[in-house]
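The values are calculated or read from the model by the stated rules, or taken from the named source; none is laboratory data. Owing to the predicted nature of the structure, the values given are computational and were not obtained by experimental measurement. Glycine also receives a Cβ, built like all others from the backbone with ideal geometry; neighbour counts cover every protein chain displayed.
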Amino acid sequence: MSDLQVPEITYKRRIEELELEITQIAERKELTAAKKQKEKEKIHIIIDKFKEELFKQKEHVERVRARLDIEREHWFKNRNKIKAETITELLQLCIFPRSLLSEINALYCAHFIRVIHDLVTPNFSTIICYDRLFPDISYSLTSCSENEAICYERFLESLLETVMI
């Protein structure tokens, strides 16, 4: 997931928690001034590391997006097939198997479909993709274990979140 999206909200929430901790240290009476200062410095170091890591992750995602933007031209080049066939193969051979492995893989697959859409990938139709996924859910689920069904549900839920936005 870290190749496609930066969890900025999580980073910001954690940084806010640490900043709150700094203000709480100032109010602690059992600590000496030197200990308070030392604790604050430790937390500031952690905050700086989080900010640096967030910056690096943003840069990484930008590099991945730039690479995907270049490569997208070559993903669905086969002109002998119609879009629907190409998308069906993508779903059958790539998306469906991976989306069943774990919930994080399911989220990755859903996000990857969003990325393909956002990049305006040639010969990819999001509507055809959704049309292939949603009408035949019962057929897909009957071949799944309980855990795979949960993962697949998470995949579909994540896809529907983009439609609802």
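Name every residue in the stretch 59-79 that is part of a helix (DSSP H, G or I) and either of a type in the set (A, V, I, L, M, F, W, C) or in contact with a Leu (Cβ under 7 Å, 6 or more places away or on another chain) (or both), in order of residue number.
The answer is V61, V64, A66, L68, D69, I70, R72.
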Worksheet item: Do you know which residues across the stretch 1-43 are exposed (fewer than 13 other Cβ atoms within 10 Å of the Cβ), β-branched (V, I, T) and outside any helix (DSSP H, G or I)?
Response: T32
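So how many residues does the stretch 135-155 have that are surrounded by fewer than 17 Cβ atoms within 10 Å (Cβ to Cβ), in a helix (DSSP H, G or I) and not polar (S, T, N, Q)?
Residues flagged as surrounded by fewer than 17 Cβ atoms within 10 Å (Cβ to Cβ), in a helix (DSSP H, G or I) and not polar (S, T, N, Q) within the stretch 135-155 amount to 7.
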Worksheet item: Are there any pairs, at least 6 apart or on different chains, whose C-beta atoms fall under 7 Å, with the first in the stretch 128-157 and assigned by TED's automatic domain parsing to the domain that holds E85 and the second of a type in the set (D, E) and part of a helix (DSSP H, G or I), and if so, which?
Response: C151/E103; R154/E103
Worksheet entry | the stretch 42-64: number of residues that are farther than 17 Å from K12 by Cβ and in contact (Cβ under 8 Å) with a residue 24 or more places away in the chain | 2
Discussion item. Which condition from (1) surrounded by fewer than 17 Cβ atoms within 10 Å (Cβ to Cβ); (2) more than 26 Å from S2 (Cβ to Cβ); (3) of a type outside the set (S, T, Y) is the one that V120 breaks?
Written reply: (2)
